[in-house]
1. So, in Å, what gap is there between the alpha-carbon centers of the stretch 37-115 and the stretch 117-184?
2. Is the shape of the stretch 273-326 best called rounded, prolate or oblate, per the rule: a/c under 1.5 gives rounded, else a/b larger than b/c gives prolate, else oblate, with a ≥ b ≥ c the square roots of the Cα gyration tensor eigenvalues?
3. Suppose the Debye formula is applied to equal point scatterers at every Cα of the stretch 183-247; what is log10 I(q)/I(0) at q = 0.13, 0.18, 0.24, 0.26 Å⁻¹?
4. What FRET efficiency do you get for residue 286 and residue 81 if R0 is 35 Å and r is their Cβ-Cβ distance, rounded to the nearest 0.05?
5. Sorting 253, 402 on the 10 Å Cβ count, fewest up front, what's the list?
6. Give me the one-decimal nm value for the distance between modelled label points at residue 361 and residue 314, 7 Å along each residue's Cα-to-Cβ direction.
7. Can you give me the distance in nm between label points at residue 376 and residue 178, each placed 7 Å from the Cα along the Cα-to-Cβ direction?
8. Can you tell me the FRET efficiency between residue 58 and residue 325 if r is taken as the Cβ-Cβ distance and R0 is 35 Å, rounded to the nearest 0.05?
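A short reminder: the numbers here are calculations on the coordinates, not readings from a lab. Model, not experiment: these values are computed from the prediction. Cβ coordinates were reconstructed from backbone atoms using ideal geometry, including for glycine residues, and neighbour counts include every protein chain displayed.
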Ligand code: C2O
Ligand code: CU
């Protein structure tokens with residue numbers, strides 16, 4: 001399904017998602033939030049168009065931006081006001097396992113009417129997000145996600161901090177979410193649920209205000225169920241400064257677009273040189289035709305009373321241990337199934353079934369090491385602090401966005417097929433390999449990732465294309481106490 005724009009209308013809505021963290025200098029003992037998960041309405045189409053019924057945190061989409069600070073406790077009381085159970089996952093946070101929010105693995109689902117208090121200390125500063133982790137293929141598609149920003153302990157030389165959360169929605173002609181197609185077997189076996197309407201921060205044409213001569217940090221988050229997106233901003237020269245919440249040595253992007261698989265994040269920093277009154281177009285460029293997704297509006301001639309920032313931006317590194325290959329445990333993960341190369345047979349809930357039965361009776365289409373979905377036994381059990389290398393081989397005809405809970409990993413090696421390149425940072429850039437929590441894999445690719453198993457508990461490893469996860473691309477591993 002392709003994204004389309006019936007018209008290139010401009011939204012009149014003012015920039016609501018702008019917030020400015022620079023110099024906020026708050027000292028807090030803990031940050032407290034309360035989130036109600038409930039139905040709401042959103043204007044996903046052009047102004048005056050249909051209002052769309054969604055499910056949202058506090059009834060809005062995206063949910064409110066949760067701002068926390070590195071090393072300071074964060075408590076979020078989540079109340080479920082839906083008719084079905086739910087949980088909340090804090091994507092990318094190297095979190096206490098009991099707070100990871102995986103329904104059925106790290107906690108019982110939050111039943112309708114119940115409240116669950118998530119209480120954890122974010123160890124890393126950066127751009128993260130939260131989303132439902134129960135029936136994600138439905139709950140995330142209906143709007144249950146929001147940004148989670150963990151501030152650095154000290155200011156990082158930024159004048160304006162912006163969040164851009166991108167999603168594609170599959171809407172019917174009347175503007176309602178196409179609910180009938182949620183989680184269907186066709187999407188599961190192909191590229192997942194792809195939408196026909198693109199939004200940034202829940203708006204068809206987001207407008208974000210900036211001042212001339214400001215240094216802007218723009219945090220891009222892909223919250224789509226399955227679409228790989230790519231963004232470009234006209235009239236600025238961005239540095240890429242962080243991936244999946246973890247700082248990298250600033251990389252000049254030039255004309256290159258920033259490609260994000262589902263759940264991936266990228267932080268860009270750029271200076272505004274355009275005159276007041278200018279509009280800098282944010283476009284989505286993954287398809288044949290670039291789409292206008294939103295605008296940066298230069299609203300003031302100058303940022304008053306402040307010198308122009310100079311030099312290359314740099315974010316302080318988080319303290320994340322890096323894996324070493326020598327003596328590491330190596331785990332093989334063979335990814336198979338999906339349309340054009342269907343499973344012949346695989347084990348599902350302890351039973352060996354043929355591909356046809358898996359698809360028709362259970363809606364399952366994918367396997368890791370010949371096993372569909374989470375099994376009773378973990379993929380592997382690591383000792384505390386063991387170095388782990390997972391060698392993932394994508395023996396399918398589809399790309400996948402492989403996500404590890406609880407850890408950031410280093411991409412150690414990649415054997416690509418010609419014509420595909422999902423590595424955003426060139427291996428030749430000379431910088432230390434970035435830490436990531438989600439890695440895009442092209443069809444046929446083999447990628448080795450490594451991390452230090454320093455966080456005990458039961459952790460999920462899955463494709464973040466939510467229909468692929470629902471269709472079997474999910475397993476788990478254990479780290480001993
Ligand atoms: Cu973003 Cu298993 O999740
Ligand atoms: Cu996938």
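1. So the separation of the two Cα centres works out to 8 Å.
2. Values: a/c = 4.29, a/b = 1.36, b/c = 3.16.
Oblate is the answer for the stretch 273-326, as a/c is 1.5 or above yet b/c matches or exceeds a/b.
3. -0.54, -0.90, -1.25, -1.33
4. Working: r = 35 Å, r/R0 = 1.00.
In this case the efficiency is close to 0.50.
5. On the way: 253 19, 402 28.
Listed from fewest to most nearby Cβ atoms, that is 253, 402.
6. Between residue 361 and residue 314, the simple spin-label model gives 6.1 nm.
7. Taking the simple label geometry, residue 376 and residue 178 are separated by 4.0 nm.
8. Values: r = 46 Å, r/R0 = 1.30.
E between residue 58 and residue 325, to the nearest 0.05, is 0.15.
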